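Working notes, beginning with the structure itself.
All of the numbers you see were taken from the coordinates with simple rules; none came from a lab. Only a predicted model underlies this, so the values are computations on that prediction, with no experimental measurement involved. Quick reminder, even Gly has a Cβ in these numbers, built from the backbone with ideal geometry, and neighbours come from all protein chains shown.
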């Protein structure tokens, strides 16, 4: 097998989604100056979906994994949290699929978002 060279955002998202897995696996969170990245099975289909959260606005974007190995990206959704200081992904609502937790330490606020439906965002629970 030849070594694979991953470059740019696409390669990073691929590595993130395939390296973490789903289910009981620990969801790792990666951060940059402007964004957080993680993966989880948000729609409960057994495939690792990808989430990107903008730190400043708190908006998040999901890439739902498809059976052919591609991602179906949905429009930005709001969490209601600005100046995000951390995120988590885990089985917060349902044991069959993951949800997204977003926090802003300065605002003393945590929002938990269920993202099971690729076609429709669900408002955050605070």
Item to complete: Give the calculated FRET efficiency between residue 66 and residue 108 to the nearest 0.05, with a Förster radius of 41 Å applied to their Cβ-Cβ distance.
Response: 0.60
Discussion item. Per 0.36 nm of contour for each residue apart, how much would the distance between residue 30 and residue 85 grow if the chain were fully extended, relative to their Cα-Cα spacing?
Written reply: 18.6 nm
